[in-house]
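Colleague: Just passing along the structure, written as structure tokens.
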Amino acid sequence: MISGLQRLWERARPVTAEPNLQFPRPLLLFQSDDWGRVGVRDGEGLEELRAAGVQLGESAYDFYSLETAGDLQALRELLGKHRDSAGRNPSIGMNFIVANVDFKRALESRDDEVPLMPLTDGLPGRWRRPHLFDGYRQGIQEGVFFPALHGLTHFCAKAVRRELKLDGDRGESMQAMWRAETPYIYWRMPWIGYEYWDRELKPEERFLNFEEQRLAVNRAAEIYRAFFGTAPISACAPGYRSDENTMKAWRECGIRVVQHGPAGHKRPHLDEYGVLHTFRNVEMEPATTKVDLGALIEQVGNCFGRGLPGIVSIHSINFHSTLRDFRTTTLALLDDFLGSVKKRWPNVLYVNDGDLLRIAQEACYLGESRRSRCCK
């Protein structure tokens with residue numbers, strides 16, 4: 001059965017695409033991936049992996065865990081210190097993975113599906129993050145968090161099911177991870193691919209077909225709506241791996257902003273369906289890469305000088321503190337960065353994906369204190 005929303009998109013006349021959006025006001029926004037996605041549970045989980053023969057410590061992502069309520073509180077407090085020229089706080093766009101592997105069922109199951117636990121049902125197994133979900137909602141209410149859709153899972157479930165059925169080393173490695181209640185560590189097993197993209201197939205066959213992607217997107221959107229009480233309007237594909245089938249599935253469920261990965265100084269644009277495409281152009285990833293404040297400010301200046309918004313990529317690992325304290329360094333850098341931006345560009349506006357869509361469509365921005373012309 002075709003939904004009313006799908007019929008609307010199929011019969012809608014495409015609008016004129018605008019490839020050259022210009023932003024005379026300096027606009028700064030943050031896009032951040034992997035929120036809600038569990039990794040290594042805690043110190044006990046770390047030792048369970050080591051006991052299973054996993055030698056940890058070669059990569060920062062060996063210490064990717066999950067944010068805590070304390071991590072969120074520290075981030076909210078930092079963002080609350082800063083205001084733009086319209087009186088608004090910076091907002092972190094949080095792209096959520098809305099389900100995690102249900103480890104107990106996954107180890108027992110022989111079905112074709114990887115059993116999942118949606119965020120609406122909490123966290124799986126022995127995972128504990130008291131008041132975490134309240135922290136998400138408080139930040140959203142305060143306007144310093146802007147939720148968006150990342151996916152149902154980060155990995156390609158089709159690839160994982162295939163390897164489990166083969167009963168080889170890959171399947172055994174996956175089950176060892178699951179026994180320690182860690183879904184995977186991507187850099188150690190890149191064969192798991194990304195949600196809509198199966199790495200192990202021929203290049204022309206790697207993306208899932210439309211129906212497979214549509215089912216995953218629709219299920220993720222349903223969980224998102226139940227968890228946040230509103231439909232997602234912005235989305236970023238895991239691993240930035242998306243194709244036209246992904247776009248079509250997103251349009252059906254109401255996505256109006258597509259987040260793409262780093263693409264130099266490629267301009268945001270509205271496509272023929274009125275969907276805004278954005279491209280990250282500032283890398284702030286101190287957990288994984290040495291970051292220089294001066295270089296960040298130069299990147300931002302290059303964007304503003306070209307009439308582009310500064311779109312900062314900053315993944316959730318940068319705010320974690322459970323297994324390794326990435327949070328302290330990141331917050332200090334972010335504090336200095338925001339202060340430096342405001343000092344150099346006093347008329348800067350902090351926006352989120354929803355604001356940028358409104359600016360692109362209506363050429364204006366509604367801040368707390370005044371309406372501002374932002375686009376031409």
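Colleague: Only four residue types carry charge here, +1 at the Cβ of Lys and Arg and -1 at the Cβ of Asp and Glu. Report the dipole size of the chain about the Cα centre in Debye, rounded to the nearest 20.
Modeller: Roughly 1300 debye for the chain.
Colleague: Kirkwood Rh and Cα-based Rg: tell me the resulting Rg over Rh for segment 224-376, rounded to two decimals.
Modeller: For segment 224-376, the value is 0.97.
Colleague: I'd like to compare 31-41, 161-171, 59-69: which one has the highest average count of other Cβ atoms within 10 Å, and what's the full order after that?
Modeller: 31-41, 59-69, 161-171
Colleague: Choose one of TRP187, PRO24, ILE97: the residue whose Cα lies farthest towards the positive end of the charge dipole of segment 4-373 (beta-carbon charges +1 Lys, Arg; -1 Asp, Glu; about the Cα centre).
Modeller: PRO24
Colleague: OK, next. What is the diffusion coefficient of segment 144-254 in µm²/s, taking the Kirkwood radius over Cα pairs and the Stokes-Einstein relation at 37 °C with a viscosity of 0.692 mPa s?
Modeller: The diffusion coefficient I find is 221 µm²/s.
Colleague: Could you pull out every residue, at least 5 positions away or on a different chain, whose amide H is within less than 5 Å of the one on ALA148? Hs are placed 1.01 Å off N in the peptide plane, and Pro or chain starts have none.
Modeller: Under 5 Å from the amide H of ALA148: MET94, ASN95, PHE96.
Colleague: Taking segment 223-273, which GluC sites (Glu not before Pro) meet the DSSP loop condition and have no more than 13 other C-beta atoms within 10 Å?
Modeller: Listed in order of number, the matching sites are GLU272.
Colleague: Now a separate question. Report Rg (one decimal) and Dmax (nearest whole number) for segment 43-174, counting Cα atoms only, units Å.
Modeller: Considering segment 43-174 through its Cα atoms, Rg and Dmax are 18.2, 59 Å.
Colleague: Oh, and also: What lysines does LYS343 reach when the alpha-carbon gap must be under 16 Å and sequence neighbours fewer than 8 apart in one chain are set aside?
Modeller: LYS81
Colleague: For n ≥ 4 DSSP H runs only, could you compute -39500 (n - 2.57) per run for the chain, divide by its residues and tell me the 222 nm figure to the nearest 500?
Modeller: It lands at -11000 deg cm²/dmol.
Colleague: Taking segment 110-148, which trypsin sites (Lys or Arg not before Pro) meet the DSSP loop condition and have no more than 14 other C-beta atoms within 10 Å?
Modeller: Sparse-neighbourhood loop trypsin sites (Lys or Arg not before Pro): ARG110, ARG126, ARG128.
Colleague: Based on DSSP, what percent of beta bridges with both residues in the chain are antiparallel, to the nearest 5?
Modeller: Counting DSSP beta bridges with both partners in the chain, the antiparallel share is about 30 percent.
Colleague: Please give the charge dipole size of segment 70-113, origin at the Cα centre, charges +1 on K and R Cβ atoms and -1 on D and E Cβ atoms. Round to the nearest 20 debye.
Modeller: Dipole of segment 70-113, to the nearest 20 debye: 400 debye.
Colleague: In this model, which of LYS104/LYS165; LYS158/LYS248; LYS165/LYS248; LYS290/LYS342 are farther than 25 Å apart at the alpha-carbon?
Modeller: Correct reply: LYS165/LYS248.
Bear in mind these aren't lab numbers, they're just calculated from the coordinates by the rules spelled out. As the structure is a computational prediction, the values presented were derived from the model and not from experiment. We place every Cβ from the backbone using ideal geometry, glycine too, and count neighbours over all the protein chains shown.
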